[in-house]
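Everything below concerns the one structure shown next.
Nothing in this text is a laboratory measurement; each read-out follows from the coordinates by a stated rule. Only a predicted model underlies this, so the values are computations on that prediction, with no experimental measurement involved. Neighbour counts run over all protein chains shown; Cβ positions are idealised from the backbone, glycine included.
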Amino acid sequence: MSLRFSTTGASALALAATFSLAAGWSLAQDDTIISAQFNDAGEVLQPTDYRRWVFVGAPLTPNALNGGEAPFPEFHNVYVEPSAFDHFEATGTWPEGTQIAKELTMVQTDDSTNPDTGANAQVSGFGYFQGDFVGLELLIKDNARYPDEPGGWAFFSFGHGGEPYAETATAFPTDSCNACHADNAETDFVFTQFYPVLRAAMKNH
Ligand code: HEC
């Protein structure tokens, strides 16, 4: 069974590679990937169009279920830059230059909000509904620019105070972010296990 699975995966990869070469670009070339912009000080610029990237999922850690203050409150809307998404779908791997944004929103509260769970009642049922934007994080894979970061992954925040977010950001120290992703994320520092769109994209790999 496992032999059959890996054979299928290898054929899919060969097919993807053949298709890519026929289309005029190679999977190994990073110039097909739209990467982040940096200023002269080496700070990354806030991406302007991330809400148009591929939306892959929305983990939810309500404050009410996390002692009143979740480390990343509360909805985490995750978007992958489209050229990186295409590469991931074709190969099951994240290319150099990959950008993944995570935008945070609070849950809505009103008179029906349950103080123990943070959930409230709406016409569709009892649950969680997205409120205001409260933060923006970015993950970038760039081994050339960040050779000391495990996997070449650098982590950024444009603020946890709502809009407008900061226009630039500097990379966090490895221990602040990268280490937890290294230990717990399923696919090259990315928590694909929590994103149905990415699980579907990697089905053939
Ligand atoms: C204690 C573990 C932990 C730490 C520390 C951590 N993260 Fe994450 N991160 C997660 C988990 C789990 C997810 C996916 C599920 C979720 O969002 O709840 C995630 C998801 C992300 C994502 C979406 C892409 C992905 O890899 O799934 C970004 C962007 C992100 N984190 C940025 C950061 C930044 C920036 C820091 C440091 C300030 C940080 N993370 C620190 C656990 C961590």
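Observations, loosely collected:
- Taking the C-alpha atoms only, the angle from helix 2-22 to the longest principal axis of the chain is near 80 degrees.
- Highest-first arrangement of 122-128, 138-144, where packing means the average Cβ count within 10 Å: 138-144, 122-128
- Charge context of residue 105, other residues only, Cβ under 15 angstrom, K/R +1, D/E -1: -3
- Its residues counted as N, the chain yields a C-alpha radius of gyration over 2.2 N^0.38 Å of 1.14.
- Taking the chain and dividing mean pair separation by its residue count, relative contact order in percent (alpha carbons under 8 Å, at least six apart): 19
- The overall shape of segment 137-198, judged from the alpha-carbon gyration tensor, is oblate: a/c is not under 1.5, and a/b is no greater than b/c.
- Size of electric dipole in the chain: Cβ of Lys, Arg +1 and of Asp, Glu -1, about Cα centre, debye, nearest 20: 860
- Arranged from fewest to most other beta-carbon atoms within 10 Å of their beta carbon, 113, 91 become 113, 91.
- Segments 98-111, 75-88 sorted - mean Cβ within 10 Å per residue, highest first: 75-88, 98-111
- Straightening the chain between residue 116 and residue 61 buys 18.5 nm, computed as 0.36 nm per residue apart minus the Cα-Cα spacing.
- Angle between the chain longest axis and helix 82-91 axis [Cα atoms, degrees, rounded to 10]: 60
- Extension gain for residue 168-residue 41 works out to 44.7 nm (0.36 nm per residue, less the C-alpha to C-alpha distance).
- Taking 117, 32, 192 as the candidate residues, the one with maximal mean-square fluctuation in a Gaussian network model of the chain, Cα springs under 10 Å, is 117.
- The Cα center of segment 105-125 and the Cα center of segment 172-188 differ in position by 32 Å.
- Three-way shape label, segment 43-89, alpha-carbon gyration tensor, a/c 1.5: prolate
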